[in-house]
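Presented below is the structure to which this report refers.
The values are calculated or read from the model by the stated rules, or taken from the named source; none is laboratory data. Keep in mind that this is a model prediction, so the values were computed, not measured. Here Cβ is always computed from backbone atoms with ideal geometry, including for glycine, and neighbour counts include all displayed protein chains.
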Amino acid sequence: MPPDRGPEVPGGPEVPVTARNWQDPPYNRWAYWHVAEILPTYRVARGPGPARALPKLAAPKPAATHDGLLEAAVARLDGSADTVAGVLAGTFTDAYLVLQDGELVTEWYHPQGAADRNHALMSVSKSLVGCVAAVLIDRGQLDPDGEITGYVPELAASGYAAARVRHVLDMRSGVRFTEEYDNPRADIRRLDEWIGWSPSETPGDPPSDPRSEPAGEPRGLYRFLATLPAEVPHGARFLYRSAESDVLGWVCERASGQPMAQLLSELVWAPMGAEHDADLLHDGLGIAVHDGGLCATARDVARFGQLLLDGGVVGGTGVVRPPWLRQAWAVDAETRGVFAASAAESAFPGGWYRNQFWFRPGDYGDVLLCLGIHGQMVHVSRRTRTVCVKFSSWPQAQNPFYLEDTLRAFDALGGVLSGREPAPGRSPGAVGVPGVVSGLSRHGATHPSATHPSANRLSR
């Protein structure tokens, strides 16, 4: 169990940071850089090999210098004109980093952080777990068309009965799971209770869902997944749910016979050339939190983004099977159709979700995104050859204005660095009003909701 009392926020209120308040402002600005001091974690080893070099961009054009990039124009979602600097300063940025073709263009860290300090990634973690699945599929250890219960028979009496691995990879099972961070009765809150990171009853809270077990020792992530029922046929819809990634992680562990921390280290983290060990949260029973438990440095997250940009290859060696990424980028009619029919279409018009990645049409072509609540993101643009990373400590779990403005700022950075004009038929900022791209919540009731009317369109 995590400790009842944690460290105090330096220079802040004399209130200990704990498992109950670590995502609440103002504590999250410190806590996201110190997660392993608050919650239980495993080490994801970087391995003995050399770190992938991130050389400084040689002789950038004047507009592509640090100051020039920050002055790039951005049309905000509310219609106002701003700059990249204004967007980053106004969205609770903890760190940002930009690569072009593997060269370091610029980076910055809040005084609470540092280049060698791990930060909570939230649901960016999902994309790394998806890459673990890709390697296992390539090795023949995991069948994407196999039934989930063939790997995890404990789910035979749950809504995941008859669902296939591909369904959870693409968030298309028929299982019911509500991911509303400001709803104390939502399934994401019930998950918190089962893994022991929040009490099932807090003074002043509404009664818990009757399916929840009483407070006390954690009941565990995997036991929680077995309680989820089905509500629609598998494959019939796209609906973003963290439980899908947790089931995928469980399947990967069973298919390989190895725990997730070891899988991440041996299959992705070490081969891609990480410089530092990562941390992986686990529940009170030692089960890894696959849906949002990773903590890592910005530079290592940028290395992961560069791996995705380069088609899964590092220095001529394949890490993630190239067909996996080609399949994700090359959207088919069915994948687009279920996305278009979902609430997610209001966030990313023309977008799609595949293999634990988001895709969004941007001003300079389609962009691959890894996203986590409170403003964690990786932005990968093939047309501009850029990777942008942002760590944040938004006061809200979800804020559609912060999200869209940051994505527009990263689009603008890519345009400046590549010297390209916006894609034909698009003008800067011509993206629809976003909804919510959700991720891992670990005390969602205390987070104020975004005030925009689209704030809960991606949740049920």
Within region 223-258, count every residue that is under 27 Å from Ala333 (Cα atoms), part of a helix (DSSP H, G or I) and among the hydroxyl-bearing types (Ser, Thr, Tyr). 2
Filter region 46-84 down to residues that are of a type in the set (A, V, I, L, M, F, W, C) and surrounded by fewer than 17 Cβ atoms within 10 Å (Cβ to Cβ) and give me whichever is modelled with the lowest pLDDT. Ala63
Subset of region 293-309, residues within 20 Å of Asp366 (Cβ to Cβ) and touching a helix residue (DSSP H, G or I) at 6+ places or on another chain (Cβ under 9 Å), comes to Phe304, Leu307, Leu308
How do the pairs read when you match residues in region 339-357 that are among the basic types (Lys, Arg) with residues anywhere that are buried (at least 19 other Cβ atoms within 10 Å of the Cβ) and in a loop (DSSP other than H, G, I, E, B), using Cβ under 8 Å and keeping only pairs 6 or more apart or on different chains? Arg354/Asp170
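One line per residue, one yes/no per condition, for (1) modelled with pLDDT under 95; (2) closer than 26 Å to Asp182 by Cβ; (3) part of a strand (DSSP E or B):
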| position | (1), (2), (3) |
| --- | --- |
| Met377 | no, yes, yes |
| Tyr402 | no, yes, no |
| Pro422 | yes, no, no |
| Ser438 | yes, yes, no |
Please find, within region 89-108, the residue that is surrounded by the most Cβ atoms within 10 Å (Cβ to Cβ) out of those that are farther than 23 Å from Leu309 by Cα and not hydroxyl-bearing (Ser, Thr, Tyr). Asp94
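Just checking, which of Arg299, Arg303 is surrounded by fewer than 24 Cβ atoms within 10 Å (Cβ to Cβ) and basic (Lys, Arg)?
Result of the check over Arg299, Arg303: Arg299.
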Quick one: which residue in Gly220, Gly196 is within 13 Å of Gly284 (Cβ to Cβ), modelled with pLDDT of 80 or more, touching an Asp or Glu at 6+ places or on another chain (Cβ under 8 Å) and among the small types (Gly, Ala, Ser)? Gly220
Identify the residue in region 239-259 that is buried (at least 24 other Cβ atoms within 10 Å of the Cβ) and of a type in the set (S, T, N, Q) and, among all such residues, is modelled with the lowest pLDDT. Ser242
Within region 320-338, the residues that are within 20 Å of the chain's Cα centre (by Cα) and not in a helix (DSSP H, G or I) are Val320
Say we look at region 22-37 and pick out the residues that are assigned to a loop (DSSP other than H, G, I, E, B) and within 20 Å of the chain's Cα centre (by Cα); which of these is surrounded by the most Cβ atoms within 10 Å (Cβ to Cβ)? Tyr32
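Residues that are assigned to a strand (DSSP E or B) and surrounded by fewer than 22 Cβ atoms within 10 Å (Cβ to Cβ): does region 127-141 have at least one?
Taking region 127-141 as the starting set, the residues that turn out to be assigned to a strand (DSSP E or B) are none.
For region 127-141, residues assigned to a strand (DSSP E or B) and surrounded by fewer than 22 Cβ atoms within 10 Å (Cβ to Cβ): absent.
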Neighbours by Cβ (under 9 Å, 6+ apart or cross-chain): first from region 313-335, farther than 19 Å from Ala236 by Cα and of a type in the set (S, T, N, Q); second surrounded by 13 or more Cβ atoms within 10 Å (Cβ to Cβ) and modelled with pLDDT of 90 or more: Thr317/Pro271; Gln327/Arg354; Gln327/Asn355
